[in-house]
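Q: Below is one structure. I have some questions about it.
The values are calculated or read from the model by the stated rules, or taken from the named source; none is laboratory data. In this text, all values refer to a predicted model and were calculated from it rather than measured experimentally. Here the Cβ positions follow ideal geometry from the backbone for every residue, glycine too, while neighbour counts run over all protein chains shown. We work out accessible area using only protein heavy atoms, side chains counted, and drop any ligands, DNA or RNA first. Shrake-Rupley method; radii C 1.70, N 1.55, O 1.52, S 1.80 Å.
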Amino acid sequence: MIVVSNTSPIFYLSTIGQLDLLRQLYNRVSATRSLSFNSPTTVKDSLTTLKDSLTTHNYSLTTHNNSLRTHRDSLTTHNYSLTTHKDSLTRIKDSLMSIKDSLTRIKDSLTTHKDSWTSIQASLIRFKASLMIVKA
């Protein structure tokens, strides 16, 4: 919202120490050169100045809006990139879990082979002992 005023409200707000009230109500307060309505030419010049000021503010808002769009697009790209990386990390995690499962199966297999080897050694020891008995 744009409000055009003379300096009376500003003067009285300043007098009672409430000048900040303008910023609370309107967020942005700007002043142009004084408006004097003494002649139609002065009014026309003042309105032209006001129009130029509003055009400048409009251009500034358009520029900021374009900048915000650019930042939004950049964030969208980064979000896509993060999603892609997340998917890659999920696949790597799944692969590591598969490798862990394979290593667990290999460990179990080695334990079984060790138990078999221990059993074979015990059988050989018994066989050797039985040969000693036969020899004696």
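Q: Need pairs with beta-carbon distance below 8 Å; first residue closer than 18 Å to THR49 by Cβ and open to solvent by less than 90 Å² (accessible area, probe 1.4 Å) and within the range 1-25, second at pLDDT below 85 and of a type in the set (Phe, Trp, Tyr); sequence gap 6+ or separate chains.
A: Filtered contacts from the range 1-25: VAL3/TYR26.
Conditions (1) farther than 28 Å from VAL4 by Cβ; (2) in contact (Cβ under 8 Å) with a residue 12 or more places away in the chain; (3) out of contact with any strand residue (DSSP E or B) (no Cβ under 9 Å at 6 or more places or on another chain), marked per residue:
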| site | (1), (2), (3) |
| --- | --- |
| THR49 | no, yes, yes |
| THR56 | no, no, yes |
| ARG69 | yes, no, yes |
| SER81 | yes, no, yes |
| HIS85 | yes, no, yes |
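Q: Can I ask one more? Is the range 23-40 home to any residue that is at positive phi and either charged (D, E, K, R) or modelled with pLDDT under 90 (or both)? Can you show your working first?
A: Here is the first cut: in the range 23-40, the ones at positive phi are 27.
Now restrict to residues that are either charged (D, E, K, R) or modelled with pLDDT under 90 (or both): 27.
Yes: one or more hits.
Q: Then there is this: State whether one or more residues within the range 41-63 are touching a Phe, Trp or Tyr at 6+ places or on another chain (Cβ under 6 Å), modelled with pLDDT under 85 and either part of a helix (DSSP H, G or I) or of a type in the set (Val, Ile, Thr) (or both). It would help to see each step written out before you state the result.
A: Here is the first cut: in the range 41-63, the ones touching a Phe, Trp or Tyr at 6+ places or on another chain (Cβ under 6 Å) are 43.
Checking which are modelled with pLDDT under 85 leaves us with 43.
Applying the additional criterion that residues be either part of a helix (DSSP H, G or I) or of a type in the set (Val, Ile, Thr) (or both) yields 43.
Looking for residues that are touching a Phe, Trp or Tyr at 6+ places or on another chain (Cβ under 6 Å), modelled with pLDDT under 85 and either part of a helix (DSSP H, G or I) or of a type in the set (Val, Ile, Thr) (or both), one finds at least one in the range 41-63, hence yes.
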